[in-house]
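The values are calculated or read from the model by the stated rules, or taken from the named source; none is laboratory data. All of these numbers come straight from a predicted model, not from anything done at the bench. Every residue, glycine among them, receives a Cβ derived from its backbone with ideal geometry; neighbour counts consider all protein chains shown.
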Amino acid sequence: MSSVTTRPVADSAAPPAAYWLRGVLRIQKLVLLGLITGLFLAVFAWTSVSDWGGSVYMLLDTAASATPFMVAWLAGVGVTVGQWRWRSGSAQWDYFSPRGKAVPIALGAVGGGLLPLVGMTVYLAVTVPLALYGSLHDGLDSATIMADVRDSIPLIFALTARFCAVSCVAASVGGCVRYKFLAALAAVVVFVATIIAAFNFELMGEHERLDSASIADLECTATAPTVCGLPTNQAYFAAAQESLTHYMEGSPYGDVLPDKILVTDSSFRDVPEQLRSDFPIALQLMRQRAITAPHRLAAEETVSQNISLSLAHACAAPLSDESTRVQEILNGTPRNPGEKEANSTELEDLLSCINHR
């Protein structure tokens with residue numbers, strides 16, 4: 001009678017020892033990819049230090065502007081993590097495993113979710129101390145620093161949740177689909193989708209805290225020119241004063257221009273409606289920050305553009321003839337004393353709504 005070789009039943013099936021070793025290697029790869037993710041964010045932060053220097057809140061707000069690149073990276077890597085079960089050969093064992101097919105896919109999704117968690121931890125560990133050092137060096141009090149950190153907490157959770165969701169979904173898809181070029185395809189599709197979504201949702205940072213601020217929330221300098229802003233930005237008041245003084249001294253029309261400005265976190269924008277009656281000029285700190293506050297804002301062209309645009313919109317609608325004329329006068333150079341006097345009179349009339357301030 002011939003012998004018959006039987007296949008083990010599902011309950012007795014067990015993965016070879018090599019599969020356990022592959023599991024350990026898989027965890028090591030997850031940690032390595034998480035470290036790479038964190039370093040990617042840290043390098044991005046270092047290249048954009050002029051947007052967030054000295055502020056934990058602006059550090060996280062700047063990280064939000066890297067969303068398209070981060071979600072594209074996490075989509076591609078997440079798919080790769082999910083496909084490890086195919087590449088390692090463990091997918092074949094899943095057919096005989098008592099756990100069922102859904103468990104390995106779910107574990108892959110969990111692994112994908114670990115990537116941004118490790119990445120955000122590395123990112124915060126590297127960059128937050130730099131931001132705190134800048135705040136302490138600039139002399140901000142502990143209450144102001146803690147308020148800045150507190151404002152950043154919702155951004156931390158929002159970014160982490162966003163990145164984890166993309167990575168988990170991508171890993172789940174990778175666990176179900178073996179297609180070789182799926183990772184690259186997922187990265188491209190998610191990148192394009194994020195760019196499109198950014199036009200309709202706030203995915204890219206620049207959340208201006210002044211939008212919800214009142215006069216009572218602001219700090220101001222005691223000497224002219226008067227610079228006001230949020231307490232978290234008061235280390236830059238002296239630099240803004242110096243820049244405004246330099247602009248006024250170099251302008252032929254400095255004697256008719258207002259000397260009261262509001263510093264903002266984000267790139268140039270008009271003064272928020274609730275503050276417009278008190279501040280005719282908005283001056284952006286974005287692209288002008290540093291780890292520690294400078295003596296004077298370095299981007300003189302940015303300062304000049306901010307002042308001329310703010311004044312152009314102070315008493316007239318954007319793109320109107322009056323608004324355009326204000327910019328022409330401020331950005332031009334009078335050819336003779338007579339033209340200077342005529343332009344000064346015209347500018348004073350165009351800015352009559354703020355001359356009494």
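Structure data summary
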quantity: Failed item in (1) buried (at least 21 other Cβ atoms within 10 Å of the Cβ); (2) modelled with pLDDT under 90; (3) not aliphatic (A, V, I, L, M), with Arg296 passing the rest; calculated: (1)
quantity: Search result, residues across the range 239-256 that are of a type outside the set (D, E, K, R) and not in a loop (DSSP other than H, G, I, E, B); calculated: Ala239, Ala240, Gln241, Ser243, Leu244, Thr245, His246, Tyr247, Met248, Gly250, Gly254, Val256
quantity: Helices (runs of 4 or more DSSP H) fully within the range 56-105 counting 2 or more residues that are within 27 Å of Val188 (Cα to Cα), in the same structural domain as Leu41 (by the TED database) and at pLDDT 90 or above; calculated: 56-64, 67-82
quantity: Given (1) within 27 Å of the chain's Cα centre (by Cα); (2) surrounded by fewer than 18 Cβ atoms within 10 Å (Cβ to Cβ), index of the condition Met248 fails; calculated: (1)
quantity: Filter result (farther than 18 Å from Gly250 by Cα and either of a type outside the set (A, V, I, L, M) or in contact (Cβ under 8 Å) with a residue 60 or more places away in the chain (or both)) within the range 319-337; calculated: Ser320, Asp321, Glu322, Ser323, Thr324, Arg325
quantity: Subset of the range 300-328 that is exposed (fewer than 13 other Cβ atoms within 10 Å of the Cβ) and aliphatic (A, V, I, L, M) - its residue that is nearest to Glu273 (Cα to Cα); calculated: Ala317
quantity: Matching residues in the range 329-350 - criterion: being within 15 Å of Leu257 (Cα to Cα) and not small (Gly, Ala, Ser); calculated: Ile329, Leu330, Asn331, Lys340, Glu341, Asn343, Thr345, Glu346, Leu347, Glu348, Asp349, Leu350
quantity: Failed criterion for Tyr236 (all others in (1) in a helix (DSSP H, G or I); (2) over 22 Å from Ser142 (Cα atoms) hold); calculated: (2)
quantity: Residue check, Ser167 out of contact with any Phe, Trp or Tyr (no Cβ under 7 Å at 6 or more places or on another chain), of a type outside the set (Asp, Glu) and at pLDDT 95 or above; calculated: yes
quantity: Val173 being surrounded by fewer than 16 Cβ atoms within 10 Å (Cβ to Cβ), assigned by the TED database to the domain that holds Gly139 and at pLDDT below 95; calculated: no
quantity: Some residue of the range 288-299 being part of a loop (DSSP other than H, G, I, E, B), in contact with a Leu (Cβ under 8 Å, 6 or more places away or on another chain), more than 15 Å from Ser243 (Cα to Cα) and outside the structural domain of Ser135 (by the TED database); calculated: yes
quantity: Near pairs, Cβ below 7 angstrom, 6+ apart or cross-chain, from the range 302-318 (free of Cβ contacts under 8 Å to residues at least 24 places away in the same chain) to any residue that is in a helix (DSSP H, G or I); calculated: Ser308/Gln327; Ser308/Leu330; Ser308/Asn331; Ala312/Ser323; Ala312/Val326; Ala312/Gln327; Ala317/Ser323
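For every residue, the table says whether it meets (1) part of a helix (DSSP H, G or I); (2) of a type outside the set (S, T, N, Q); (3) over 14 Å from the mean Cα position of the chain (by Cα).
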| residue | (1), (2), (3) |
| --- | --- |
| Tyr123 | yes, yes, no |
| Thr127 | yes, no, no |
| Leu130 | yes, yes, yes |
| Ser135 | yes, no, yes |
| Ala143 | yes, yes, yes |
| Val149 | yes, yes, yes |
| Ile153 | yes, yes, no |
| Ala161 | yes, yes, yes |
| Val166 | yes, yes, yes |
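Yes or no, residue by residue, for (1) more than 30 Å from Val81 (Cβ to Cβ); (2) without any contact (Cβ under 8 Å) to a residue 60 or more places away in the chain:
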residue: Asp151; (1), (2): yes, no
residue: Leu159; (1), (2): no, no
residue: Val169; (1), (2): no, no
residue: Leu185; (1), (2): no, yes
residue: Phe191; (1), (2): no, no
residue: Thr194; (1), (2): no, no
